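Just below is one structure, and these are the notes that go with it.
The values are calculated or read from the model by the stated rules, or taken from the named source; none is laboratory data. Values in this document were obtained by computation on a predicted structure and should not be read as measured data. All Cβ positions, even for glycine, are placed from backbone atoms using ideal geometry, and neighbour counts span all protein chains on display.
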Amino acid sequence: MHIGVDIEQFVRDPYGSGIQRVLQYLAKEWPEDLAQADFVVPIGDVHGLLSPAQAAEILTIPFTPREPGSDLPSLVRERIEEIDPVRVKSGDLLSIYDRWLLPEVSYLPSVLERFSLFSRCMPASMIGYDTLPMSEPANYRFKPGASAWVSEYFRLLATTDSVACISAYARDSILGRLRRDPALPISVAHPGGDHLPVRGHQEPERITFTRLGTLEARKMPVEILRAFQEASDSREMTAALLFIGGPSASDAAINQAVAEATRTHPVRWVQGAADDEVYDLVNRSSAFLSIGVEGYGIPVLEALRLGTPVLFDGVQPAGELMAGRGARRVSAMEHEDIVSMFVDYSRGDALVEVASELTTDVPTWHDFARAVVQTASG
């Protein structure tokens with residue numbers, strides 16, 4: 001079995017997202033005993049064929065420290081040129097592979113047209129992440145002219161031969177919202193959290209609640225912020241709130257609200273941090289917050305590996321997986337409930353109780369990669 005894995009989307013737009021973490025460990029843990037693979041990348045007018053080990057190196061670039069202002073796409077392209085992979089013409093790809101896999105969300109015409117063509121010639125598979133651009137459209141701002149390709153991506157997700165979904169929530173949304181035929185193969189493969197070594201927790205001097213990820217509205221950053229401000233102003237609480245991650249790309253008001261709060265309340269916003277700094281910050285936090293809507297939620301698993309208890313509410317597949325094992329569902333979908341959460345859990349004994357249940361035994365990337373390849377192999 002020889003599988004072609006299309007990672008053109010990554011090469012065009014590497015940015016170290018949760019989805020690209022999935023690609024990184026799909027390559028690192030690729031099960032050679034199940035199938036041979038080439039990770040296919042564009043090089044000018046031809047395509048380069050990377051081994052899983054070479055692809056893992058390329059896919060790791062966004063997650064490693066680099067010079068401020070460095071251009072990630074250029075770094076990726078330069079490293080591919082240094083590797084100097086085997087190059088083939090686009091038309092020759094069809095004769096090389098038995099299966100074709102699209103592992104990342106992509107609205108690029110070149111990627112989707114290639115997938116559509118190849119799916120008529122061989123079994124084709126996708127990793128299914130979510131349908132959030134359809135169910136949470138306020139969080140996504142597409143470039144003019146891109147809407148048709150967004151629709152095409154989801155059409156392919158609904159009709160392709162097989163899909164490995166990152167969660168039961170993703171599977172159910174693909175079956176329900178996209179109306180994928182349930183007779184077509186669709187499975188669940190949970191991404192891992194064991195890319196982090198286990199650390200002993202470092203309790204900060206001040207109770208600190210930490211939220212990780214871009215400031216997307218579906219993750220309720222403003223709701224979290226306003227409730228924290230009210231809890232702080234009431235003098236019932238002396239905790240701190242830490243935001244880690246980039247600004248919202250679709251709502252400047254969210255970014256402004258968080259930036260202003262850093263000047264008036266014990267709120268900190270860290271942007272552009274490399275993995276090591278992010279992990280140090282989470283490790284030194286009292287509690288990790290995951291509130292709102294997630295397709296999966298790898299940071300929940302990362303927090304547990306770092307010894308930090310998790311408080312979650314909303315659509316949180318990873319939180320549900322780890323509930324009672326260091327992750328606790330709280331009532332946090334309404335303003336007053338979030339205020340109460342901050343007040344209640346700023347008392348050390350409440351967090352100690354959650355931490356006492358904590359386990360670092362999380363889903364593994366080994367199991368994830370094998371499940372994806374088994375689905376792609378038919």
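Just to be sure, is I207 under 17 Å from L281 (Cβ atoms) and surrounded by 19 or more Cβ atoms within 10 Å (Cβ to Cβ)? Against the criterion (under 17 Å from L281 (Cβ atoms) and surrounded by 19 or more Cβ atoms within 10 Å (Cβ to Cβ)), I207 qualifies. Working only within the stretch 276-310, note down all residues that are in contact with a helix residue (DSSP H, G or I) (Cβ under 8 Å, 6 or more places away or on another chain), modelled with pLDDT of 95 or more and among the charged types (D, E, K, R). The answer is E302, and nothing else. Taking the conditions (1) at pLDDT 95 or above; (2) surrounded by fewer than 24 Cβ atoms within 10 Å (Cβ to Cβ); (3) within 19 Å of A189 (Cβ to Cβ) in turn, E334 satisfies each one other than (3).
Here the stretch 18-39 is the region considered, the condition is being acidic (D, E) and part of a loop (DSSP other than H, G, I, E, B), and the residue that is farthest from I244 (Cα to Cα) is D33.
When only residues in the stretch 1-54 that are of a type in the set (A, V, I, L, M, F, W, C) and more than 18 Å from V372 (Cβ to Cβ) count, which is surrounded by the fewest Cβ atoms within 10 Å (Cβ to Cβ)?
Step one: of the stretch 1-54, the residues of a type in the set (A, V, I, L, M, F, W, C) are 1, 3, 5, 7, 10-11, 19, 22-23, 26-27, 30, 34-35, 37, 39-41, 43, 46, 49-50, 53.
Subsequent filtering for residues that are more than 18 Å from V372 (Cβ to Cβ) retains 11, 41, 43, 46, 49.
On the way: V11: 19, V41: 25, I43: 16, V46: 13, L49: 20.
The extreme case among them is V46.
Contact map, the stretch 266-294: residues that are more than 17 Å from Q316 (Cβ to Cβ) paired with residues that are surrounded by fewer than 19 Cβ atoms within 10 Å (Cβ to Cβ), Cβ distance under 6 Å, separation 6+ or inter-chain. Pairs shown: W269/T262; Q271/G246; A274/P65; D275/F63; N283/R199; N283/Q202; R284/Q202; R284/P204.
Kindly evaluate L112 against the criterion of being at pLDDT below 95, of a type in the set (A, V, I, L, M, F, W, C) and outside any strand (DSSP E or B).
Details: at pLDDT below 95: no; of a type in the set (A, V, I, L, M, F, W, C): yes; outside any strand (DSSP E or B): yes.
Answer is no for this residue.
Does the stretch 296-306 contain at least one residue that is of a type in the set (V, I, T) and in contact with a Gly (Cβ under 7 Å, 6 or more places away or on another chain)? Write out each step before concluding.
Restricting attention to the stretch 296-306, the residues satisfying the condition of being of a type in the set (V, I, T) are 298, 300.
Filter once more, keeping what is in contact with a Gly (Cβ under 7 Å, 6 or more places away or on another chain): 298, 300.
Yes, the conditions are met somewhere in the stretch 296-306.
Here L241 meets each of (1) under 30 Å from S116 (Cβ atoms); (2) crowded, with 19+ Cβ neighbours inside 10 Å with one exception, condition (1).
Can you spot a residue in the stretch 157-179 that is part of a helix (DSSP H, G or I), in contact (Cβ under 8 Å) with a residue 12 or more places away in the chain, more than 23 Å from Q271 (Cα to Cα) and charged (D, E, K, R)?
Within the stretch 157-179, one or more residues are part of a helix (DSSP H, G or I), in contact (Cβ under 8 Å) with a residue 12 or more places away in the chain, more than 23 Å from Q271 (Cα to Cα) and charged (D, E, K, R).
Once the stretch 341-378 is narrowed to residues that are at pLDDT 95 or above and polar (S, T, N, Q), the residue that is surrounded by the fewest Cβ atoms within 10 Å (Cβ to Cβ) is Q374. Going by the conditions given, is D98 closer than 22 Å to W30 by Cα, at pLDDT 95 or above and surrounded by fewer than 19 Cβ atoms within 10 Å (Cβ to Cβ)? No; evaluated as a whole, the condition is false for this residue. Number of residues in the stretch 96-128 that are out of contact with any strand residue (DSSP E or B) (no Cβ under 8 Å at 6 or more places or on another chain), hydrophobic (A, V, I, L, M, F, W, C) and within 20 Å of M1 (Cβ to Cβ): the value is 1.
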